[in-house]
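Notes to accompany the following structure.
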Amino acid sequence: MLFAVLVGTLAYYALSHWGVAGMALAAPAAPTLAPCVATFRYGLLHGFAGVVAYLPLIVPFALLTVVGA
């Protein structure tokens with residue numbers, strides 16, 4: 001399946017480059033790369049405040065998923 005995706009992508013870009021596909025494809029701009037350092041934000045934890053009310057629903061489905069797999 002991965003081979004089919006790669007061949008299809010290659011064919012799409014090759015045919016559009018030569019104008020066979022009925023369209024002209026402009027080359028995308030080169031991305032700018034910058035270093036990134038991951039940081040933990042405590043604001044993320046505030047999003048889980050409402051999850052306590054849904055635990056009676058979440059826990060059985062989580063167990064069902066683990067046992068069923």
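Helix 55-68: angle to the longest alpha-carbon principal axis of the chain, degrees 0 to 90, nearest 10?
Helix 55-68 and the main axis of the chain meet at about 60 degrees.
Given a 1.4 Å probe and every protein chain left where it sits, what share in percent of the accessible area of the chain is carbon and sulfur?
Details: 5100 of 6680 Å².
Carbon and sulfur atoms account for 76 percent of the accessible area of the chain.
What accessible area per residue comes out for the chain, rounded to a whole number of Å², with a 1.4 Å probe?
97 Å²
How long are the semi-axes of the equivalent ellipsoid of the chain, defined as square roots of 5 times the Cα gyration tensor eigenvalues? Whole Å, largest first. Before the final figure, lay out each step's value.
Values: eigenvalues 415, 116, 28 Å².
The equivalent ellipsoid of the chain has semi-axes of 46, 24, 12 Å.
Which of L33, L44, L57 moves the most in a Gaussian network model of the chain with Cα springs under 10 Å?
In the Gaussian network model the winner is L57.
The values are calculated or read from the model by the stated rules, or taken from the named source; none is laboratory data. Everything quoted here is computed from the prediction, not taken from an experiment. Keep in mind that these areas ignore ligands, DNA and RNA; they rest on the heavy atoms of the full protein, side chains included. Shrake-Rupley method; radii C 1.70, N 1.55, O 1.52, S 1.80 Å.
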